[in-house]
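Read through the structure below, which is laid out as structure tokens, and then see the notes.
The values are calculated or read from the model by the stated rules, or taken from the named source; none is laboratory data. Computed from a predicted structure; not experimentally measured. Note that each Cβ is placed from the backbone with ideal geometry, even for glycine, and that neighbours are counted across all protein chains shown. Each accessible area value is taken on the protein alone, full model and side chains, heavy atoms only, with ligands, DNA and RNA left out. Shrake-Rupley method; radii C 1.70, N 1.55, O 1.52, S 1.80 Å.
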Amino acid sequence: GIPVPFVPVYVEDELGGGSIGVGAAVRSLFVGAVLLRPYTGRIGDRFGLTEGPVWVQEGANGYLLFSDLIANVIYKWTPDGQLSAFLENIYDGPDILNVGQQTRRGRMNVIIIGSNGLTLDREGRLIAASPASRAVFRLEKNGTRTVVADRFEGKRFNGPNDVVVKSNGSMYFTDGNS
């Protein structure tokens, strides 16, 4: 089957709040349209700004990937409670101090340099919208990154935000950052 584009879970960030998907109101782990088991725990804390959850099905099991835009990391969480860095240095360009978009987290001004929206293509490869890289990239099965799109009509994107792949393989994403 086609993986669900998000898994509703609750994630607490460094400010003691924050959510992914539909957040704390619905704390259940889904695969396809089948409820596997309720999940009421916290999957982690000390995150900067979390976005873009996607469930990756592997046989009878799977894992959740989600972005931390401030930490420049994509995290992996497994239903047995393991949390690890799946992919680091989402933005790996030459001048990390002059990229990204500024936003506020509580009283702090922070720079968004990590990926945002995540999805899977029809081959199960991870697709990530990277605002700081101003591109959408695909993580190949061998771990290399392929830029899928970084410009339209010769002009660089402002900062891709969310991304989805339709069942026929067409990709749609937003480019709203400026």
Order the peptides 145-155, 91-101 from the highest to the lowest mean number of other Cβ atoms within 10 Å of their residues.
91-101, 145-155
What is the calculated FRET efficiency for residue 155 to residue 42, with r their C-beta to C-beta distance and R₀ = 45 Å, to the nearest 0.05?
0.60
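Using the alpha carbon gyration tensor of segment 35-178, what are the three equivalent-ellipsoid semi-axes (square root of 5 times each eigenvalue), largest first, in whole Å?
For segment 35-178, the semi-axes come out at 25, 20, 13 Å.
Using the Kirkwood formula on the Cα atoms of segment 69-150, what hydrodynamic radius do you get, in angstrom to one decimal?
Taking the inverse mean of 1/r over all distinct Cα pairs, segment 69-150 comes out at 13.6 Å.
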Spin-label point model (7 Å from Cα, Cβ direction): what's the residue 147 to residue 110 distance in nm?
2.7
Kindly report the accessible area of segment 39-178 per residue (heavy atoms of protein chains, probe 1.4 Å, no ligands, DNA or RNA), in Å².
54
Neighbourhood net charge (9 Å Cβ-Cβ; Lys/Arg +1, Asp/Glu -1) for residue 134:
0
